[in-house]
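Only one structure is covered here, and it is reproduced in the block below.
The values are calculated or read from the model by the stated rules, or taken from the named source; none is laboratory data. On a predicted model such as this, the values are computed, not experimentally measured, just so you know. All Cβ positions, glycine included, derive from the backbone under ideal geometry; neighbour counts span all protein chains shown. Note: accessible area is taken over every heavy atom of the protein model, side chains too, but ligands, DNA and RNA are not part of it. Shrake-Rupley method; radii C 1.70, N 1.55, O 1.52, S 1.80 Å.
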Amino acid sequence: MVECPECGRAIEKKDLIEGEIFPCPDCGLELEVTAVEPFHVDAAPREAEDWGE
Amino acid sequence: MKVAIVGGSGYTGGELLRLLLRHPKVEVGQVTSDSMAGKPVSRAHPNLRKVTDLVFTPHADLDPCDLLFLAMPHGRSIARIPEFLVRAGKVIDLSSDFRLKDPALYREYYGVDHPRPDLLAASVYGLPEIHREAIRRATLISGPGCIATAAILAIRPLLKAGIIDDERLVVDAKTGSSAGGLDGGPASQHAERSGVMRVYAPAGHRHTAEIEQEAGGKIALSCHAVEAVRGILATCHAFLKDSVSTKDLWKIYRDAYGQEPFVRIVTEASGLYRFPEPKILAGTNFCDVGFALDAHAGRVVAIAALDNLMKGAAGTAVQCMNLVAGYPETMGLEFLGLHPV
């Protein structure tokens, strides 16, 4: 079990695979599985956006 | 459970009726209104056409029931509370009459002495997120104000955690037109309201006292009327005593609301709706609460959104009724809202 680097939500490994990108269920941050054994996630790289403004 | 609504021709009364008519454990026996006595309730609430045959009855014809909702304008039902308690045993009053515990504060914000200060101490402030156990045992429950509900739910966790300056708290509230009620006066005329972005209470709003009573701290509240029918958005500015991290804030709000059925933490890194927004909460009993850390200014921006007629009035009242009756707290309040809307 690891934590979301943004909000601290516990992230379970489940059947995630290395390189998979998924949103944190709480804060929505895009996370990337950087390793499976041991399980580790980081914030996924993202492009800047202006959120429509 | 047999219930009745006193003063059911206004917006809050209509919202109560909408919820109660579909509540699986409730029978609505009567809805009173002197001004509309004898007319079908669907005349005032057209969304209820073909749903009920109820007709408004005069206040004087109120029959005994198990629980009474009071949806009268502020100050109009205080004198009859003892009679209502005899008729029903349990009363949920959606007016502001019993929200403040301190009679001196009531005089300061309402300009008159409270006619029954003895009942202020006996009433319970009906916000389940704070007073759940007291509500279960209460006979007189006072429904919280809509702006107050949003502000309290946004800032109380920060105050309880002791991380912010409790003498310097700014609440900036935006509100839709229905919060002014059916008789909102000339300010609610279409010509005046359309396109509005109006500061209607830069200081001294009555909900200030409620927020301070229930959340703590010294509150600087400013209220704005905006172009919406339903909805409250409270943007609260709190200044940190010491630096904290976003993760610390998440823990504070999770500890406060992680188990709450109607408070959702909405602080998301992507998407169109990253922070609480009332638009998608219309008709629901949710209060969405979010936050952002402003390290530059040493500030936390705490945000809450709700539907003023639901979590800000009728929805919370039904939630309280569920607690009083021992029903599941979410019963009759399951609507998830609309998107797009």
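For the reader, a short list of remarks on this structure follows.
- Candidate set: region B:278-310, residues that are closer than 16 Å to B:Ser177 by Cα and of a type outside the set (Gly, Ala, Ser); chosen: the one nearest to the other protein chains (Cβ to nearest Cβ): B:Lys279
- Checked against the criterion of being under 19 Å from B:Asp165 (Cα atoms), part of a strand (DSSP E or B) and not hydroxyl-bearing (Ser, Thr, Tyr), the candidates B:Val244, B:Val289, B:Val301 yield just one match: B:Val301.
- Among (1) touching a residue at least 24 places away in the same chain (Cβ under 8 Å); (2) part of a loop (DSSP other than H, G, I, E, B); (3) surrounded by fewer than 21 Cβ atoms within 10 Å (Cβ to Cβ), the one test that B:Ser9 misses: (3)
- Residues (surrounded by 18 or more Cβ atoms within 10 Å (Cβ to Cβ) and part of a helix (DSSP H, G or I)) located in region B:120-148: B:Leu120, B:Pro128, B:Glu129, B:His131, B:Ile135, B:Cys146, B:Ile147, B:Ala148
- Flag for B:Pro64 being farther than 30 Å from B:Ser222 by Cα, of a type outside the set (D, E, K, R), free of Cβ contacts under 8 Å to residues at least 60 places away in the same chain and not in a helix (DSSP H, G or I): yes
- Of all residues in region B:71-104, those being within 14 Å of the chain's Cα centre (by Cα) and hydrophobic (A, V, I, L, M, F, W, C) number 4.
- Among all residues of region B:258-265, there is at least one that is open to solvent by 20 Å² or more (accessible area, probe 1.4 Å), assigned to a strand (DSSP E or B), at negative phi and not assigned by TED's automatic domain parsing to the domain that holds B:Ile92.
- Total residues in region B:240-257, condition within 12 Å of chain A (Cβ to nearest Cβ) and open to solvent by 30 Å² or more (accessible area, probe 1.4 Å): 8
- Among the conditions (1) open to solvent by less than 70 Å² (accessible area, probe 1.4 Å); (2) within 13 Å of another protein chain (Cβ to nearest Cβ); (3) touching a Cys at 6+ places or on another chain (Cβ under 7 Å), the only one that A:Arg9 does not satisfy is (1).
- Qualifying residue in region B:151-169 (condition: small (Gly, Ala, Ser) and buried (at least 19 other Cβ atoms within 10 Å of the Cβ)): yes
- The condition of being in the same structural domain as B:Val170 (by TED's automatic domain parsing), modelled with pLDDT under 95 and open to solvent by 20 Å² or more (accessible area, probe 1.4 Å) holds for only one of B:Leu293, B:Leu272, that being B:Leu272.
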